[in-house]
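Laboratory data are not the source of any read-out in this text; all were calculated from the coordinates shown. Remember, it's a predicted structure, so these values are computed and weren't measured experimentally. Here the Cβ positions follow ideal geometry from the backbone for every residue, glycine too, while neighbour counts run over all protein chains shown.
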Amino acid sequence: MAFTVSEFRDLLEILRTKPEWKEELRRELLGEEILSLPGLVRDLIKAVEEMNKRLYRVEQDVEVLKADVAELKADVAVLKADVAELKADVAMLKADVDALKSDVTTLKTDVASLKGESFERKYRERPFVYFRRIVRKPRVLTDSELDDLLSTALDDGALTEADVEEISRLDAIVRGRRISDDSVVYLAVEISARIDERDVERAVRRARLLEKIPNVIALPVVAGEAITVEGKEVVNQVAWIVTDGHAVEAGGS
């Protein structure tokens, strides 16, 4: 059946006065899905607003994080500077320690040298006190007397220049009469605060060189405050050992 314009207008007028009809007609015309769109849009808007809030909070967190990172970078830069300074201080400390070690080594060497010189002077100045059990009337040869003895042997061909140089390095050469047979002997004395195997070896070697001189009997002797373990192992190679002022026959001839 035909639907006229006047009838349509009448329908509109009725719908204006009957909201429930208008709503019912809308449902019929649009369907539930279209009608639900406003609600969906409102939910979407609400979701977008919530997302914006979260995004804002994230942005704020990012700003805080950026500030923390900047502060951390500054702290790392300070730490690097401190580490560099510490390295420089450690390097300086190492240099100071090395210098101190060197000074201590030098000091030990100087002290040992001074102590050795002190011992040498003590034994050279008082030969009777330290060598009277070995020889009677012990007397340390002066430089002049030693020069005469060695120069004559050099001129006669009994010694070489190298022999003279080696013998002259003895800490002391003591002349006297051996108590056991009253024969004139020379004590080839090596003096050290702590007698070791090198002192023994030098005394034996230099005494043998002295005996290259005709009619010279030389006895290797070591003297000092104490003797090392290594020195004790070879001390029987010398004739006498003098420690703490006491002379003891060792066995070497």
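Using a Förster distance of 22 angstrom, determine the FRET efficiency expected from the C-beta separation of Arg54 and Glu23, and round it to 0.05. Kindly include the intermediate steps, with their values, before the conclusion.
Numbers: r = 37 Å, r/R0 = 1.68.
FRET efficiency, Arg54 to Glu23: 0.05.
Can you give the net charge of the other residues whose Cβ lies under 14 Å from the Cβ of Val229, counting K and R as +1 and D and E as -1? Before the final figure, lay out each step's value.
On the way: positive: Arg194, Arg198, Lys232; negative: Asp196, Glu197, Asp199, Glu230, Glu233.
Neighbour charge sum, excluding Val229 itself: -2.
Report for the range 128-249 the percent antiparallel among DSSP-assigned beta bridges with both residues inside it, nearest 5.
DSSP beta bridges in the range 128-249 are roughly 50 percent antiparallel.
If you take every DSSP beta bridge fully contained in the chain, what fraction is antiparallel? Give it as a percent rounded to 5. Spell out each step's value before the answer.
On the way: 14 of 27 bridges.
Restricted to the chain, the bridges split so that about 50 percent are antiparallel.
Compare the Cα positions of Leu37, Ile227, Ala84 along the charge dipole of the chain (+1 at Cβ of Lys, Arg; -1 at Cβ of Asp, Glu; about the Cα centre) and return the one farthest towards the positive end.
Most positive-ward Cα: Ile227.
Long-range amide H contacts for Leu219: which residues qualify at under 5 Å (H placed 1.01 Å from N, peptide plane, sequence gap of 5 or more or a different chain)?
Here the answer is Tyr186, Leu187, Ala188, since their amide H atoms fall under 5 Å of that of Leu219.
Calculate the FRET efficiency for Ser102 and Asp156 from the Cβ-Cβ distance with a Förster distance of 45 Å, rounded to the nearest 0.05.
0.40
Taking the radius of gyration and the Kirkwood hydrodynamic radius from Cα positions alone, what is the Rg/Rh ratio for the chain, to two decimal places?
2.03
Calculated FRET efficiency, Ala193 and Glu145, Cβ-Cβ r, R0 30 Å, to nearest 0.05? Provide the component values of the computation, followed by the final result.
Values: r = 27 Å, r/R0 = 0.89.
Efficiency, from the Cβ-Cβ distance: 0.65.
Taking only Cα atoms and a 10 Å spring cutoff, compute GNM fluctuations for the chain and point out the largest among Ser102, Ser144, Ser36.
Between Ser102, Ser144, Ser36, it is Ser36 that shows the largest mean-square fluctuation.
Most fluctuating residue of Lys66, Lys137, Lys94 in a GNM of the chain with Cα springs under 10 Å: which is it?
Answer for the Gaussian network model of the chain: Lys66.
Where nothing but the Cβ of Lys and Arg (+1) and of Asp and Glu (-1) is charged, how large is the charge dipole of the chain around its Cα centre, in debye to the nearest 20?
It works out to roughly 1060 debye.
Build a GNM of the chain with springs between Cα atoms under 10 Å: which of Leu15, Leu55, Leu209 gets the top mean-square fluctuation?
Leu15
Pull out a ≥ b ≥ c, the square roots of the eigenvalues of the alpha-carbon gyration tensor of the range 158-249, then state rounded if a/c is under 1.5, prolate if not and a/b is larger than b/c, and oblate in the remaining case. Walk me through the numbers before you get to the answer.
Working: a/c = 2.12, a/b = 1.31, b/c = 1.61.
Note, shape of the range 158-249 comes out oblate.
Among Leu154, Ala239, Ser183, pick out the residue whose Cα is farthest towards the positive end of the charge dipole of the range 128-249, where Lys and Arg carry +1 and Asp and Glu carry -1 on C-beta, about the Cα centre.
Ser183
Quick one: what are the phi-derived ³J(HN,Hα) couplings along the range 237-242, Karplus 6.51/-1.76/1.60 with θ = phi - 60°, whole Hz, x for glycine and proline?
Listing the rounded values in order: 6, 8, 7, 9, 10, 10 Hz.
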